[in-house]
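Colleague: Dropping the structure in here first, questions after.
The values are calculated or read from the model by the stated rules, or taken from the named source; none is laboratory data. Since the model is a prediction, treat every value here as computed from it, not as a measurement. Cβ placement follows ideal geometry from the backbone for every residue including glycine, while neighbour counts extend to all protein chains displayed.
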Amino acid sequence: MQDREMRVRFAPSPTGPLHIGGARSALFNWLLAKHSGGKFILRVEDTDLERSSRESEEDIKESLCWLGLSWDEGIDVGGPHGPYRQTERLDIYREYTQKLLDSGQAYYCYCTDEELEDERQKLAAKGQMPRYMGHCRELTEEQKDEYEAQGRKATVRLRVPPNQDVLVDDLVRGKVVFDSNGIGDFVIVKSDGVPTYNYAVVIDDILMKVTHVVRGEEHLSNTPRQVLVYEAVGAPTPKFGHVSLILGKDRSKMSKRHGATSVEQYKKNGYLPSGLLNFLVLLGWSPSGEQEIFTLDELVKIFSLDHAAKNPAVFDVDKLNWINAQHIKKLNDEQMYELALPYLMEGGFLLEGKYERAWLVKVVATTRDHISCGAEIPQHVAVYFGDGCELENEEARAVLEEESADEVLRLFEDKVKKAEELTAESVQALLKSVVKDSGLPGKKVYMPIRVAISGQTHGPEMTLLVPLLGGEKILKRLAYAREKLKG
RNA sequence: GGCCCCAUGGUCAAGCGGCUAAGACGUCGCCCUCUCAAGGCGAAAUCAGGGGUUCGAUUCCCCUUGGGGCUACCA
């Protein structure tokens, strides 16, 4: 007897961009599938007609693709158990609903929102769990006709057996028992004929032969309802795994006010898919060794639910920044350039059009060890652009106003003019000779030059800065700085 | 309110009855250095509280407290 292949899915509802929590669920499922050689399915749960949109669906797919989490079956790519969009599966659900109705495991309910709300209020007042008490459980044909005549639209409810323990055997939480009395007959088909989440999700998982349902902990309390549906249709339950939630800084569920919560925002800020994924996988899961920086391939090899954490994790941007920085350090020059391009354009650095690509590549490469995301590139490369620099502050001005500065700059200028080439090595030698000729301490030499050619008292190493600026630009900047000082 | 989950430094976390309670981010200090970073080294910092069980509890059980989730014709 061979184990069935592992089949997992990510089933977002397209009501907004891909949330960071959703991305982690997708990642866990994807890793599980890849690790075991199984299948990863993408299903769209769009039964909330009001809030679902194709636009969101596109956004989610785009984010998933950007992350590199491709799906083996699902929307767009198809598969043997489609369609993979729930609103296109209405006939399928109808079939199951009819069977449930025929067998008496489900029934029509004609209660109105007001009546239901009233019932909830009363139960809550008595300190009991608000739930449906079964008003329409035993309706006669006459009563149904009467309601129909009133123009009421019926929902379909599942008949939930009383006094029953509903067991959820969870891969990360162990056995969790719920009392069926606390659940009540819940709606499986809305009055417009569209199934509810707790119903559709089960039918689909059965039909799509899903073996492992891995999702956020917010679904744990809903799982007994789903188990009840499995039992009603006579299907075995898959294995469940409820992963802890991702919380905001204040320990409440991540939401807009916690800053960027969608994958596309991180993409926009120039985070790398590998960096974001690496950060996400460490939230609620830990590797056995001490390594923390992983490629996707490495994660595929070692990931399992065994080390999934039960406690919720706070999203820490500082750690994300560090992890992403580690991934950026591994980029080559071309990859760096690719990462930088949108920000160079945005920052207007390419408008001048007079910069060679090869030069730009070198400039961008200087930022590699200093940034944690692409959006930080402009502030680091600004110093390489333009023919003159404004003095950053009084401290910078003071450096140039020092007595020895003038002499240093003259020496430097002279040597730059005479230099045949400006490379890291030659600049190093050149600067050393300025130190020697002036007899000044290094700092008294480097600083005035730095400020004169960059306007700032901080920045890239001189052996990086000078060659990249080139003789022509340096001379212009020196002239500009002198001009400024006179004024 | 009811039900369910969770509880190790500021944050992510290892630990699975006996440890000086790992590691990482962040913080601080030192080194490197023309500067800012990066990098290297080092430091401070944790078992929520109370009961049990046990020769021995961070670890097992109960209670309290705290946090979170669910309680929809949302997913």
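Colleague: Are any residues in the range A:172-198 more than 7 Å from RNA strand B (Cβ to nearest atom), assigned to a strand (DSSP E or B) and surrounded by fewer than 19 Cβ atoms within 10 Å (Cβ to Cβ), and if so, which ones?
Modeller: A:175
Colleague: Here's a follow-up. Would you say residue A:189 is under 25 Å from residue A:217 (Cα atoms) and within 38 Å of the chain's Cα centre (by Cα)?
Modeller: The answer is yes for residue A:189.
Colleague: Inspect the range A:202-222 for any residue being hydroxyl-bearing (Ser, Thr, Tyr), surrounded by 17 or more Cβ atoms within 10 Å (Cβ to Cβ) and either assigned to a helix (DSSP H, G or I) or near RNA strand B (Cβ under 10 Å from one of its atoms) (or both) and give the result as yes or no.
Modeller: Looking for residues that are hydroxyl-bearing (Ser, Thr, Tyr), surrounded by 17 or more Cβ atoms within 10 Å (Cβ to Cβ) and either assigned to a helix (DSSP H, G or I) or near RNA strand B (Cβ under 10 Å from one of its atoms) (or both), one finds none in the range A:202-222, hence no.
Colleague: Looking at residue A:51, is it touching a residue at least 40 places away in the same chain (Cβ under 8 Å), of a type in the set (Lys, Arg), surrounded by fewer than 18 Cβ atoms within 10 Å (Cβ to Cβ) and outside any helix (DSSP H, G or I)?
Modeller: In short, no.
Colleague: Show the residue pairs meeting these rules: Cβ distance below 6 Å; 6+ apart or different chains; first residue within the range A:175-199 and in contact (Cβ under 8 Å) with a residue 12 or more places away in the chain; second residue within 6 Å of RNA strand B (Cβ to nearest atom) and not in a loop (DSSP other than H, G, I, E, B).
Modeller: A:187/A:155; A:190/A:155; A:191/A:155; A:196/A:187; A:198/A:222
Colleague: Continuing with the same structure: In the range A:86-99, is there at least one residue being under 14 Å from residue A:11 (Cα atoms) and either away from RNA strand B (no atom under 16 Å from the Cβ) or within 27 Å of the chain's Cα centre (by Cα) (or both)?
Modeller: yes
Colleague: Here is a follow-up. Scan A:323, A:377 and give me the residue that is within 12 Å of residue A:272 (Cα to Cα) and assigned to a helix (DSSP H, G or I). Walk me through how you get there before you give the answer.
Modeller: Values: A:377 fails: within 12 Å of residue A:272 (Cα to Cα).
Result: A:323 is the single residue among A:323, A:377 that is within 12 Å of residue A:272 (Cα to Cα) and assigned to a helix (DSSP H, G or I).
Colleague: Of the residues that sit in the range A:79-102 and are of a type in the set (Phe, Trp, Tyr) and under 19 Å from residue A:229 (Cα atoms), which one is surrounded by the fewest Cβ atoms within 10 Å (Cβ to Cβ)?
Modeller: So, considering only residues that are of a type in the set (Phe, Trp, Tyr) and under 19 Å from residue A:229 (Cα atoms), the one surrounded by the fewest Cβ atoms within 10 Å (Cβ to Cβ) is A:93.
Colleague: Tally the residues that are over 26 Å from residue A:299 (Cα atoms) and either surrounded by 19 or more Cβ atoms within 10 Å (Cβ to Cβ) or in contact (Cβ under 8 Å) with a residue 60 or more places away in the chain (or both), restricting the search to the range A:60-78.
Modeller: Of the residues in the range A:60-78, the ones over 26 Å from residue A:299 (Cα atoms) are A:76, A:78.
Still in the list and also either surrounded by 19 or more Cβ atoms within 10 Å (Cβ to Cβ) or in contact (Cβ under 8 Å) with a residue 60 or more places away in the chain (or both): none.
Here the count works out to 0.
Colleague: So which residues in the range A:1-48 are of a type in the set (D, E, K, R), at pLDDT 95 or above and more than 14 Å from the chain's Cα centre (by Cα), if there are any at all?
Modeller: Result: A:7, A:9, A:34, A:39, A:43, A:45, A:46, A:48.
Colleague: Additional query: Kindly indicate whether any position in the range A:276-297 is at pLDDT 95 or above, among the aliphatic types (A, V, I, L, M), over 23 Å from residue A:245 (Cβ atoms) and surrounded by fewer than 18 Cβ atoms within 10 Å (Cβ to Cβ).
Modeller: yes
This table checks each residue for (1) touching a strand residue (DSSP E or B) at 6+ places or on another chain (Cβ under 7 Å); (2) closer than 25 Å to residue A:33 by Cβ.
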| residue | (1), (2) |
| --- | --- |
| A:215 | yes, yes |
| A:231 | no, no |
| A:260 | no, no |
| A:263 | no, yes |
| A:280 | no, yes |
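Colleague: Does residue A:160 satisfy the criteria of being assigned to a loop (DSSP other than H, G, I, E, B) and either touching a residue at least 40 places away in the same chain (Cβ under 8 Å) or in contact with a strand residue (DSSP E or B) (Cβ under 6 Å, 6 or more places away or on another chain) (or both)?
Modeller: In short, yes.
Colleague: Is it the case that residue A:312 is more than 19 Å from the chain's Cα centre (by Cα), surrounded by 14 or more Cβ atoms within 10 Å (Cβ to Cβ) and either within 14 Å of RNA strand B (Cβ to nearest atom) or hydroxyl-bearing (Ser, Thr, Tyr) (or both)?
Modeller: no
Colleague: Of the residues A:33, A:26, A:11, which is within 15 Å of residue A:203 (Cα to Cα) and small (Gly, Ala, Ser)? Steps first, answer last, please.
Modeller: Values: A:33 fails: within 15 Å of residue A:203 (Cα to Cα); A:26 fails: within 15 Å of residue A:203 (Cα to Cα).
One residue alone meets the criteria, A:11.
Colleague: Going by the conditions given, is residue A:465 closer than 13 Å to residue A:412 by Cβ and part of a helix (DSSP H, G or I)?
Modeller: When the stated conditions are applied, residue A:465 passes them.
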